[in-house]
Amino acid sequence: MLHYEIHRQENAKEWLVFIHGAGGAIETWNYQIQAFAPHFNLLLLDLRDHGKSKNIAPHFDNYDFDVVTSDVLEVINNLGIKKAHFMSLSLGSVILQRIAIQRPDLVDRMVMAGGIFKASLKMHFFVHSAKALNYILPYRSLYSIFSWIVLPRKNHSFSRRVFMRQFQKLTRDEYLKWVGLYKHFFRSLREYFYKPVEKLSLVVMGDQDHVFLGAAQKFAQVHKNVDLTVLEKCGHICNIENHLIFNERALAFLKE
């Protein structure tokens, strides 16, 4: 199964499951563990190929979101978790929405940080450019360019370094499999954008997230169960860049 970590709270009955984004790892949530551990039992996962989740069986030549979602559900089922809150980052929001659709009985409340909800022209350009440049540039150089595009400002530098450090654990073959998700990715975004969100959800975005903020604002307008919080002077990785306010808002939402 996927590599995972558990932080149990003796008096806690509720679970909180963390799903990081593409290129990330459990390390993504370092600033959340201490804040949420006193209130919930925490389950943190490394997605397939990420962090310590290497050589996961069964092997697939290509990935889709069914593969990635099944990996997560396998761990949850193995641990006997019947219901949980979920927190996701970036691409993790697509995985989380798929889990909520497939297993509505499992999901309580959802917090989506830096969520991805609609495929803009800018996103199409990034993805198709990456596909073409894979034949020219080393994949680590390409990811570095992408990280600078998404996190361009000086105050984004720390979260950019965190993600570059986590990304180093991906091999070229693993990277290409995740890039190959793009067809299923765009199709999933089209499907989920107008599909009713049945669970109470909090979307937290940075006001400097120039790639994904606009779609998140539209998503929150469309769905009555979705609240949007925008953090000032903050980019895409808002759970790291402004973790104190992020933790405060997310914890209040989960506990209210």
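With contacts defined as alpha carbon pairs under 8 Å and 6 or more residues apart, what's the relative contact order of segment 4-255 in percent?
Here the relative contact order equals 22 percent.
Size of the chain along its principal axes in angstrom, Cα-based, largest extent first?
Extents along the principal axes: 54, 41, 34 Å.
Going by how many other Cβ atoms sit within 10 Å of their own, how do 125, 246, 186 line up, fewest first?
Fewest to most other Cβ atoms nearby, the residues stand as 125, 186, 246.
Measuring from centroid to centroid over Cα atoms, what is the spacing of segment 81-98 and segment 212-256 in Å?
If you average the Cα positions of each part, the centres end up 15 Å apart.
Past 27 Å, Cα to Cα, is the threshold; run 52/82; 13/183; 54/195; 82/169 against it and keep the listed order.
13/183; 54/195; 82/169
Is segment 120-256 best put as rounded, prolate or oblate by its Cα gyration tensor, with a ≥ b ≥ c the root eigenvalues, rounded for a/c under 1.5, and otherwise prolate when a/b is larger than b/c, oblate when not?
Since a/c reaches 1.5 but b/c is at least a/b, the shape of segment 120-256 is classed as oblate.
Looking at the chain, send over the antiparallel percent of its DSSP beta bridges, to the nearest 5.
Given both bridge residues lie in the chain, the antiparallel proportion sits at roughly 15 percent.
May I ask you to list the GluC sites (Glu not before Pro) in segment 126-200 that are in a DSSP loop and have at most 14 other Cβ atoms within 10 Å of their Cβ?
Passing sites in segment 126-200 are 198.
On a straight-distance basis, which aspartates and glutamates could pair with residue 233 in a cross-link, Cα separation under 17 angstrom, same-chain partners fewer than 8 positions away excluded?
Straight-distance partners of residue 233: 207, 209, 241, 248.
With a cap of 15 neighbouring Cβ atoms within 10 Å, and only residues DSSP puts in a loop, list the GluC sites (Glu not before Pro) found in segment 1-30.
10, 14
FYI, it's all coordinate maths here, none of it is from the lab. This is a predicted model, so every value here is computed, not measured. No Cβ is skipped: glycine too gets one built from the backbone with ideal geometry, and neighbour counts run over all protein chains shown.
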